[in-house]
Amino acid sequence: MHEMAIAQNIIEIAEEYAVKSAALKVNEIELDIGKLAGIELESLLFAIDVIKEGTICNSAKMIINHVEAQFNCTECLSTFNTENYYAKCPVCNSHKVEIIAGREMRVKSIDIN
Amino acid sequence: MCDTCGCTQPDEAVTLRKPGKIDSHQHISSNHQNHSHSHSEHHSHNHHEHTHSKKISIETDILHKNDLIAERNRGYFEAKNIRTINLVSSPGSGKTSLLEKTLTDLKDQQGFYVIEGDQQTMNDANRIDSVGVPVIQVNTGNGCHLDSNMVSAAIKELNPENNSILMIENVGNLVCPSLFDLGETKRVVIISVTEGEDKPIKYPNMFQSSDLCIINKIDLLPYLDFDLEKMKNYAVQVNHHLQFIELSVKSGEGLNAWYDWLKNLKN
């Protein structure tokens, strides 16, 4: 349920930049969301719909780029993609792996008029 | 920073209270801009540059406001050599009992302060207050986690002394608090042996972001099917840096390892 807090932050960031750029309205908000960011996208989009009402982002379309989760094995140094935190290195079977991508939660851009 | 998960809830629903001062609670004001007005006035003249759409690159972390305030908290703690623990777990794992026991045993050797996070009630703060340690209760209303802004407001009220340890008991929830840095020195996740041993892979974000895992209620192990090694293996798969301390608040077994860990904690 933290998606409501996340949504509020997204709309605040979009508004802040829209106002700085003297925008009339925000047409699009583009997000980068990592596959291991811990965000339930359906809940997030629902929350954004609720929060954007009455703001300059009211009619903004959401564009979501899914960032693949990528890990680096600290034993054999290979890099691999996976969908979960408990994956082992496919090369050497070690679980001493560090996440290098996939936790992103970023507002990438807005499209304004 | 929005601290709410209930969409209709105003920020004022988040309150700070000290035990014994129930009537004088304080609302936390957040850094919200007001969403609902202000723009139409700005743009009442329709300039020609507005007629074409324009893409603006932002590249900003969604939680950057929380993270900035968390870093500010962290700087305050470091400057005063206050070591801060963010205690996270599901409801009922024994966070408050562990705190009560720890404070009772160590408060004469070490200064402690406590921030209690719950959606409702003063119950936990009252329990800590009766141990005789300064405590502040943050009630998040419908909110499912503490954030750095609530901690910032709470430490202004608590005014912790140099060289103390600040215990922050987060809202009992294994999901949402994992995303919100509070400025803590270490994050400690508690699991009790009455829970499923696969919790670390079911809720990986929390175990992935924690430094220490306390396994509580081990006095109950003889009566349960809980496989301790299996649970630890799952946790290590998610976070191979994770340390473990097994203890029972009730029997006292293993508490010394936890106390040693606390005493050796550095910013």
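The values are calculated or read from the model by the stated rules, or taken from the named source; none is laboratory data. Everything numeric in this text was worked out from a predicted model, so none of it was measured. When we count neighbours, we look across all protein chains shown, and the Cβ atoms used for this are built from the backbone with ideal geometry, even at glycine. In case anyone asks, the SASA skips ligands and DNA or RNA and just uses the protein heavy atoms, side chains included. Shrake-Rupley method; radii C 1.70, N 1.55, O 1.52, S 1.80 Å.
Considering only the range B:160-188, state which residues are within 17 Å of B:ILE214 (Cβ to Cβ), under 11 Å from the mean Cα position of the chain (by Cα) and more than 14 Å from chain A (Cβ to nearest Cβ).
B:MET167, B:ILE168, B:GLU169, B:GLU184, B:LYS186, B:ARG187, B:VAL188
Please tell me if B:ASP61 is within 14 Å of another protein chain (Cβ to nearest Cβ), open to solvent by 10 Å² or more (accessible area, probe 1.4 Å) and within 30 Å of B:ASN264 (Cβ to Cβ). Even if it seems obvious, please write down each step before you answer.
Numbers: within 14 Å of another protein chain (Cβ to nearest Cβ): yes; open to solvent by 10 Å² or more (accessible area, probe 1.4 Å): yes; within 30 Å of B:ASN264 (Cβ to Cβ): no.
For B:ASP61, the condition - within 14 Å of another protein chain (Cβ to nearest Cβ), open to solvent by 10 Å² or more (accessible area, probe 1.4 Å) and within 30 Å of B:ASN264 (Cβ to Cβ) - is not met.
Could you list all residues from the range B:42-63 that are farther than 15 Å from B:HIS145 by Cβ and either charged (D, E, K, R) or modelled with pLDDT of 95 or more (or both)? Steps first, please.
To start, the set of residues in the range B:42-63 that are farther than 15 Å from B:HIS145 by Cβ comprises B:42-61.
Those that are farther than 15 Å from B:HIS145 by Cβ and either charged (D, E, K, R) or modelled with pLDDT of 95 or more (or both): B:GLU49, B:LYS54, B:LYS55, B:ILE56, B:SER57, B:ILE58, B:GLU59, B:THR60, B:ASP61.
Scan the range B:174-185 residue by residue and report those that are polar (S, T, N, Q) and surrounded by 22 or more Cβ atoms within 10 Å (Cβ to Cβ).
Narrowing the range B:174-185 to residues polar (S, T, N, Q): B:178, B:185.
Within the range B:174-185, just B:SER178 meets the criteria.
Taking the stated definitions as given, is A:VAL97 within 20 Å of A:GLY34 (Cβ to Cβ), over 21 Å from the mean Cα position of the chain (by Cα) and either without any contact (Cβ under 8 Å) to a residue 24 or more places away in the chain or buried (at least 16 other Cβ atoms within 10 Å of the Cβ) (or both)?
On the way: within 20 Å of A:GLY34 (Cβ to Cβ): yes; over 21 Å from the mean Cα position of the chain (by Cα): yes; either without any contact (Cβ under 8 Å) to a residue 24 or more places away in the chain or buried (at least 16 other Cβ atoms within 10 Å of the Cβ) (or both): yes.
Yes.
Just to check your reading of the model, which residue among A:ILE64, A:ILE56, A:ILE51 is modelled with pLDDT of 95 or more and either open to solvent by 40 Å² or more (accessible area, probe 1.4 Å) or under 14 Å from the mean Cα position of the chain (by Cα) (or both)?
Values: A:ILE56 fails: either open to solvent by 40 Å² or more (accessible area, probe 1.4 Å) or under 14 Å from the mean Cα position of the chain (by Cα) (or both); A:ILE51 fails: either open to solvent by 40 Å² or more (accessible area, probe 1.4 Å) or under 14 Å from the mean Cα position of the chain (by Cα) (or both).
Going through A:ILE64, A:ILE56, A:ILE51 in turn, just one is modelled with pLDDT of 95 or more and either open to solvent by 40 Å² or more (accessible area, probe 1.4 Å) or under 14 Å from the mean Cα position of the chain (by Cα) (or both): A:ILE64.
Going by what's in this entry, would B:SER251 be described as touching a residue at least 60 places away in the same chain (Cβ under 8 Å) and either of a type in the set (Gly, Ala, Ser) or open to solvent by less than 30 Å² (accessible area, probe 1.4 Å) (or both)? Give the steps one after another, and end with the answer.
Numbers: touching a residue at least 60 places away in the same chain (Cβ under 8 Å): no; either of a type in the set (Gly, Ala, Ser) or open to solvent by less than 30 Å² (accessible area, probe 1.4 Å) (or both): yes.
Considered against the rule, which asks whether it is touching a residue at least 60 places away in the same chain (Cβ under 8 Å) and either of a type in the set (Gly, Ala, Ser) or open to solvent by less than 30 Å² (accessible area, probe 1.4 Å) (or both), B:SER251 comes out as no.
Look at A:GLN70 and say whether it is touching a residue at least 24 places away in the same chain (Cβ under 8 Å) and closer than 26 Å to B:ASP198 by Cα. Can you show your working first?
On the way: touching a residue at least 24 places away in the same chain (Cβ under 8 Å): yes; closer than 26 Å to B:ASP198 by Cα: yes.
Criteria met by A:GLN70.
Here is a list: B:LYS101, B:LYS107. Which entry is more than 13 Å from chain A (Cβ to nearest Cβ), surrounded by 15 or more Cβ atoms within 10 Å (Cβ to Cβ), over 16 Å from the mean Cα position of the chain (by Cα) and modelled with pLDDT of 95 or more? Quick ask: steps written out before the conclusion?
Details: B:LYS107 fails: surrounded by 15 or more Cβ atoms within 10 Å (Cβ to Cβ).
None of the other options fit; the residue is B:LYS101.
Kindly provide the set of residues from the range B:110-147 that are open to solvent by 40 Å² or more (accessible area, probe 1.4 Å) and within 14 Å of chain A (Cβ to nearest Cβ), ordered by number.
B:GLN119, B:ASN142
Can you tell me how many residues within the range B:196-228 are surrounded by fewer than 17 Cβ atoms within 10 Å (Cβ to Cβ) and either of a type in the set (A, V, I, L, M) or touching a residue at least 60 places away in the same chain (Cβ under 8 Å) (or both)? Talk me through it step by step, then tell me what you get.
Taking the range B:196-228 as the starting set, the residues that turn out to be surrounded by fewer than 17 Cβ atoms within 10 Å (Cβ to Cβ) are B:196, B:198, B:202, B:219-225, B:227-228.
Keeping just the survivors that are either of a type in the set (A, V, I, L, M) or touching a residue at least 60 places away in the same chain (Cβ under 8 Å) (or both) gives B:220-221, B:224, B:228.
Going through the range B:196-228 one residue at a time, the tally reaches 4.
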